[in-house]
Amino acid sequence: MRKNIFQRGEDFWNTAQAFIHHHLPDIRRVSQNTVLSYRDGINAYIDYLETEKNIRRKDICFNDFSKETLIAYLDWLLNCRSLKPKTCNLRITAVRSFLEYASDRHPELMALYISANSMKAVKTKMNPIEFFEKNQMKAILAAPGIHSRTGRRNQMMLILLYDTAARVSEILELSVGSLHLSSEVPYVVIHGKGDKYRNIPLMSKTKEHLKRYLSEFHPIQSGDAPLFYAVTYGEKHHLSQDTLEKLIKDCAKRCEKAGVEMPASCHCHMVRKTRAMDLYQAGIPLPHIQQLLGHEEISTTSGFYAFATLDTLAKSMEKIDDSATHMSKEWKNPKTIARLYSL
């Protein structure tokens, strides 16, 4: 008797190849990083089927994607591999997304997808929000030694990182042509997640900083040249993310030596969160902040943050007059913080 789609290994592999190499990059237009994340998630499940279930790779088929097998896989990830709940959820999400795509191409697989989609996610621990207080952020921005060329470059990176609330990768990928300083409203074009672009207005002080920076680092301007760069063998190239992460940690150490108390662990993403917090406290509407941050939807809940320091919360609420008492309720609403602090 002829095998059906649930049993044919070639159907699974052809569908998986189309999902990774065509659907995600060409139809959904997700970033290369997202493609790699989904590919790694599905490959991890395939490795599990081969090593733990003794199924030969060429024989893997949609029958091996039952809810029972996925639950056993999740249990293995948590209790045998000892992976963090968030990592486990991401692995299962990759498989679910693949099954959703497969069921769209092959309607007979819809019940399989619905069954897998009914799995409960692993509960994750809600961690405190990490951001810099105003005096800390001010000290960080002033920390690079501007008496050296590298110090001036580093300070410009930090200023732009804070002003735009961009992700580290977005700042490091900027080219000279990304800046539009002569426009009526100066702005920078950010290439964000999902291969999407957004325009971020620049503050007047940041514009002046950038003009001075360009005159020193890009006297002959080429639109394709990396905005922030290092030189190796005479060639300019983009900086690595490690360079900026090390810069933040070094600046934090300098601030502590100068008597400014710093968070226990400082990293670049805290600058983005700090800018978002500062804007929100200044009364900027959440939809505007989310547009700045590059969130796809206003209802984004990929992160769940419900923490602010007691001091920050108290100071913010003290500024609220009787005509804006609804803001205090917003501060207590986890969904508000979730939208503000998500990737």
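The values are calculated or read from the model by the stated rules, or taken from the named source; none is laboratory data. Small disclaimer: the values here were computed from a predicted structure and weren't measured. As a convention, Cβ positions derive from the backbone with ideal geometry for all residues, glycine included, and neighbour counts pool all protein chains shown.
Annotations
- Residue ID - nearest to the chain's Cα centre (by Cα), chosen from residues in region 41-93 that are among the small types (Gly, Ala, Ser) and under 27 Å from GLU10 (Cβ atoms): GLY41
- Qualifying positions in region 170-197 - within 15 Å of the chain's Cα centre (by Cα) and under 19 Å from HIS269 (Cα atoms): GLU170, ILE171, LEU172, GLU173, ILE190, HIS191, GLY192, LYS193, GLY194
- ILE146 among the β-branched types (Val, Ile, Thr) and in contact (Cβ under 8 Å) with a residue 24 or more places away in the chain: no
A quick yes/no check of all residues on (1) assigned to a helix (DSSP H, G or I); (2) of a type in the set (Phe, Trp, Tyr); (3) free of Cβ contacts under 8 Å to residues at least 60 places away in the same chain; (4) crowded, with 19+ Cβ neighbours inside 10 Å:
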| site | (1), (2), (3), (4) |
| --- | --- |
| LEU77 | yes, no, yes, yes |
| THR87 | yes, no, yes, no |
| LEU90 | yes, no, yes, no |
| ALA102 | yes, no, no, yes |
| LEU109 | yes, no, no, yes |
| MET119 | no, no, yes, no |
| GLY151 | yes, no, yes, no |
| MET157 | yes, no, no, yes |
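- Members of region 212-245 found to be at pLDDT 95 or above and either loosely packed, with under 13 Cβ neighbours inside 10 Å or of a type in the set (Ser, Thr, Tyr) (or both), listed by number: ARG212, TYR213, SER215, GLU216, TYR229
- Residue in region 24-44 that is surrounded by 12 or more Cβ atoms within 10 Å (Cβ to Cβ), touching a His at 6+ places or on another chain (Cβ under 8 Å) and part of a helix (DSSP H, G or I) present: no
- On the stretch given as region 185-196, residues that are in contact with a helix residue (DSSP H, G or I) (Cβ under 7 Å, 6 or more places away or on another chain), within 30 Å of PRO25 (Cα to Cα) and either of a type in the set (Ser, Thr, Tyr) or part of a loop (DSSP other than H, G, I, E, B) (or both) total 1.
- Just one of the numbered conditions (1) buried (at least 19 other Cβ atoms within 10 Å of the Cβ); (2) more than 30 Å from HIS237 (Cβ to Cβ) is not true of LYS138: (1).
- Filter pass, LYS53 being loosely packed, with under 14 Cβ neighbours inside 10 Å, farther than 19 Å from LYS120 by Cα and either touching a strand residue (DSSP E or B) at 6+ places or on another chain (Cβ under 8 Å) or at pLDDT 95 or above (or both): yes
- Only one of the numbered conditions (1) charged (D, E, K, R); (2) crowded, with 17+ Cβ neighbours inside 10 Å; (3) not in a helix (DSSP H, G or I) is violated by ASP11, and that is (3).
- Qualifying positions in region 182-197 - over 15 Å from VAL168 (Cα atoms) and in contact with a Leu (Cβ under 8 Å, 6 or more places away or on another chain): PRO186, TYR187
- Among all residues of region 134-143, there is at least one that is assigned to a loop (DSSP other than H, G, I, E, B), in contact (Cβ under 8 Å) with a residue 60 or more places away in the chain and over 30 Å from GLN7 (Cα atoms).
For (1) at pLDDT below 75; (2) surrounded by 16 or more Cβ atoms within 10 Å (Cβ to Cβ); (3) of a type in the set (A, V, I, L, M, F, W, C), each residue gets a yes or a no:
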position: CYS255; (1), (2), (3): no, yes, yes
position: GLY259; (1), (2), (3): no, no, no
position: SER265; (1), (2), (3): no, no, no
position: ALA276; (1), (2), (3): no, yes, yes
position: PHE304; (1), (2), (3): yes, no, yes
position: THR325; (1), (2), (3): yes, no, no
position: LEU343; (1), (2), (3): yes, no, yes
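- Long-range neighbours under 9 Å by Cβ, at least six apart or interchain, first residue closer than 18 Å to PHE132 by Cα within region 275-288, second buried (at least 18 other Cβ atoms within 10 Å of the Cβ) and of a type in the set (Asp, Glu): ARG275/ASP163
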